[in-house]
1. Taking only segment 198-234 into account, find how many residues are assigned to a loop (DSSP other than H, G, I, E, B) and under 14 Å from Leu273 (Cβ atoms).
2. For the structure I just gave you, tell me whether Ala244 is over 14 Å from the mean Cα position of the chain (by Cα), of a type in the set (Gly, Ala, Ser) and not in a loop (DSSP other than H, G, I, E, B).
3. Within the bounds of segment 282-296, is there any residue that is at negative phi, free of Cβ contacts under 8 Å to residues at least 40 places away in the same chain and away from ligand 2 (no atom under 13 Å from the Cβ)?
4. Go through segment 128-150 and count every residue that is under 15 Å from Ser89 (Cα atoms) and either in contact (Cβ under 8 Å) with a residue 40 or more places away in the chain or away from ligand 1 (no atom under 16 Å from the Cβ) (or both).
Amino acid sequence: MAILVTGGLGYIGSHTVVELLNNDFEVVIVDDLSNSEKFILKNIEEIAGKKPVFYPFDLKRKELLEQVFEAHPIEGCINFAAYKAVGESQEKPIDYYENNLFSLINILQEFKKRNISNFIFSSSCTVYGQADTMPIDENTPLKAAESVYGKTKQMGEEILKDFAVGYQKKISLLRYFNPIGAHPSARLGELPIGIPNNLVPYVVQTAAGIREILSVWGDDYPTEDGTAVRDYIYVVDLAKAHVAALKSLINNPSDKAVIDVYNLGTGKGSSVLDVVKAFESATGVKVPYQICDRREGDITVAYANADKAEKELGWKSDTTLEEALKTSWEWQKYVTSRN
Ligand code: NAD
Ligand code: WQD
């Protein structure tokens with residue numbers, strides 16, 4: 001069974017391609033390399049011992065996408081391809097809407113035309129905004145999105161629900177919390193371009209001496225140590241959830257619309273300082289930091305209730321924060337050795 005993986009050379013996509021290959025799926029990747037590098041393909045092949053098919057083009061190019069569907073018996077899609085930088089999305093809103101939504105619609109047009117089902121969408125905990133109660137389960141009301149990026153995720157979810165209902169298709173909306181870590185082989189990981197916005201890449205680059213000091217954005221939040229709390233989920237666990245979600249869709253015999261929604265997190269909240277301490281204890285490397293003002297638009301606390309994924313998909317994240325951060329450090333050493 002061939003599965004189209006868009007953005008399959010990116011951070012979460014590459015880990016998921018390995019898990020799909022390990023589960024004997026044939027994988028067809030489309031990635032325009034706008035936020036990834038070609039060597040990841042070779043590393044995927046080395047880890048999995050199998051070759052995915054790879055097409056380097058932009059999903060907005062409908063005519064090229066059509067050729068992929070002509071050439072392969074695609075029976076499902078995991079759609080990772082999107083722009084994901086929250087700050088940049090405010091500066092380039094139209095580029096974000098165009099890339100994240102036109103790509104999605106182009107794939108759905110092919111699905112519709114060829115009567116294909118089984119579509120998995122990379123959504124985000126960002127759709128909940130600052131939820132009123134913790135932990136966040138799938139019935140927690142969505143708030144108005146705080147960024148254009150967040151809006152593209154909310155709109156993507158709406159488009160897919162309408163697609164499922166309108167054409168009796170099976171879809172899964174996976175709301176990731178904060179993905180971290182790298183493959184245990186240290187051959188796949190996150191490749192931030194320029195100065196990282198996200199916490200873990202910044203911590204790692206500070207430890208490596210690439211950045212001078214970590215700025216901790218705010219220590220006056222109403223949390224135990226005053227720093228903001230998130231649910232950091234190990235990327236390999238996250239990748240495995242995609243395989244479980246895909247199998248669940250494929251094995252669902254319904255000929256009616258199926259709309260699965262799952263929160264993918266650990267269920268545990270960790271503060272910014274918890275992350276710094278866990279990194280230091282996992283690696284023995286110090287992370288110099290300074291306390292700064294809060295970052296605009298940041299929420300105080302977000303962690304998942306991921307019981308639904310455990311109950312329905314048999315999936316659970318069991319990797320500790322320390323274990324995950326250790327893999328980020330090994331990946332950073334590999335990246336440094338390549339430069
Ligand atoms: P990433 O940037 O590493 O991967 C995305 C990949 O898609 C990149 O390889 C990029 O080159 C490719 N791409 C982008 N636009 C494309 C286009 N038009 N045509 C072809 N390829 C294109 O990002 P990631 O962290 O792996 O995230 C994957 C998905 O998960 C994204 O949809 C993101 O919004 C979502 N997500 C990420 C996080 C996170 O913190 N990393 C959290 C929640 C949701
Ligand atoms: C985590 C915590 C920061 C950097 C973002 C997106 C969200 C989702 C996940 C895609 C916060 C603090 C960070 C630094 C710091 N992505 N921090 N110093 O903000 O939870 O969410 O990624 O869907 O949409 O907004 O993640 O890693 O940026 O920050 O103190 O240098 O670390 O203030 O409390 P965030 P993050």
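1. The qualifying residues number 10.
2. In short, yes.
3. Looking for residues that are at negative phi, free of Cβ contacts under 8 Å to residues at least 40 places away in the same chain and away from ligand 2 (no atom under 13 Å from the Cβ), one finds none in segment 282-296, hence no.
4. Looking only at that region, the number is 5.
Rundown of residues vs (1) closer than 24 Å to Ser89 by Cβ; (2) touching a residue at least 60 places away in the same chain (Cβ under 8 Å), yes/no style:
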residue: Val165; (1), (2): no, yes
residue: Gln168; (1), (2): no, yes
residue: Pro179; (1), (2): yes, yes
residue: Gln205; (1), (2): yes, yes
residue: Gly209; (1), (2): no, no
residue: Ser215; (1), (2): yes, yes
residue: Val236; (1), (2): no, yes
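Only the coordinates and a few stated rules stand behind these numbers; no lab work does. Just so it is clear, the model here is predicted, and its values are computed rather than measured. Here Cβ is always computed from backbone atoms with ideal geometry, including for glycine, and neighbour counts include all displayed protein chains.
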